[in-house]
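Right, one structure below, let's go through it.
The values are calculated or read from the model by the stated rules, or taken from the named source; none is laboratory data. Keep in mind the model is a prediction, meaning the values are calculated, not measured. Don't worry about glycine lacking a Cβ; one is built from the backbone with ideal geometry, like all the others, and counts go over all protein chains shown. Accessible surface is based on the protein model in full, side chains and every heavy atom, while ligands, DNA and RNA are left aside. Shrake-Rupley method; radii C 1.70, N 1.55, O 1.52, S 1.80 Å.
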Amino acid sequence: MTWSKRLFDLFFVTLLIVILGPVLLALLLWLLLTEGRPVFYVAKRMKTPTESFDLWKLRTMTVVDTDSGVSGGDKSARITKTGAWLRGKRLDEFPQLWNILKGDLSFVGPRPPLQQYVDAYPEIYNEVLKSRPGVTGLASIVYHKHESRLLERCDSSEETDRVYSRICVPMKARLDLIYQRHQNMWYDFDLVFQTIGNIFRRS
């Protein structure tokens, strides 16, 4: 990560923590009252091909003893009513401001993958993860809706993994590498504001 990109992240994460801090506290209280504990979902993600970190989100699904893989139709019954609303507006990702502050994430970059996909496709992620993973990015903006439609049709974890591996991983990687080739501060500004615009349109 370049020093200018890190300064970009630190400036905006500090600004958003000040502005959105009360909103996050209100969401935490609402989740606690409506869904109970835990209010956070913490999962291992990869920021380099060999280095993992704890990704923080607001919990949007019922808790189970074991959970693995990406979310598909096989997990849709576990999404709570509150969680569906949070996901629809991407408010479940507010806690990732902490990940940005720590340096695990940037605002803009490829979404951080699960280790199982990094291990399965090292030739792809060795290139993709040359960029610091981000909360949003070109692939998130362009491909998110299509990916969701593909995965929500899956009835089992095996089918979800197969569709994600064969279709979503290579498509998202192509978009992430386009971003990587053209990345600069103004491009990051543009992608951040596109993301904000999409959130308001959903609202």
Problem set entry | Residue, least open to solvent (accessible area, probe 1.4 Å), within region 90-105, restricted to residues that are of a type in the set (D, E, K, R) and over 15 Å from Arg45 (Cα atoms) | Asp92
Exercise. For region 63-72, which residues satisfy the criterion of being open to solvent by less than 60 Å² (accessible area, probe 1.4 Å) and either of a type in the set (S, T, N, Q) or at pLDDT below 80 (or both)?
Worked result: Gly69, Ser71
For this session: Mind listing just one residue for me: the one in region 73-89 that is open to solvent by 10 Å² or more (accessible area, probe 1.4 Å) and hydrophobic (A, V, I, L, M, F, W, C) and, of those, modelled with the lowest pLDDT?
Result: Ala77
Seminar exercise, completed: Among residues of region 114-163 being touching a strand residue (DSSP E or B) at 6+ places or on another chain (Cβ under 6 Å) and open to solvent by 40 Å² or more (accessible area, probe 1.4 Å), the residue farthest from Met185 (Cα to Cα) is Gln115
Problem set entry | Failed criterion for Pro112 (all others in (1) assigned to a helix (DSSP H, G or I); (2) touching a Lys or Arg at 6+ places or on another chain (Cβ under 8 Å) hold) | (1)
Exercise. Within region 54-62, is even one residue of a type in the set (Phe, Trp, Tyr), modelled with pLDDT of 95 or more and closer than 25 Å to Ile196 by Cβ?
Worked result: yes
Seminar exercise, completed: Residues in region 27-60 that are open to solvent by 60 Å² or more (accessible area, probe 1.4 Å), among the aromatic types (Phe, Trp, Tyr) and in a strand (DSSP E or B) total 3
Exercise. If Lys130 satisfies every condition in (1) farther than 18 Å from Lys44 by Cα; (2) assigned to a helix (DSSP H, G or I) but one, which is the exception?
Worked result: (2)
Problem set entry | Selected residue (criterion: farthest from the chain's Cα centre (by Cα)) from residues of region 1-13 that are assigned to a helix (DSSP H, G or I) and free of Cβ contacts under 8 Å to residues at least 12 places away in the same chain | Trp3
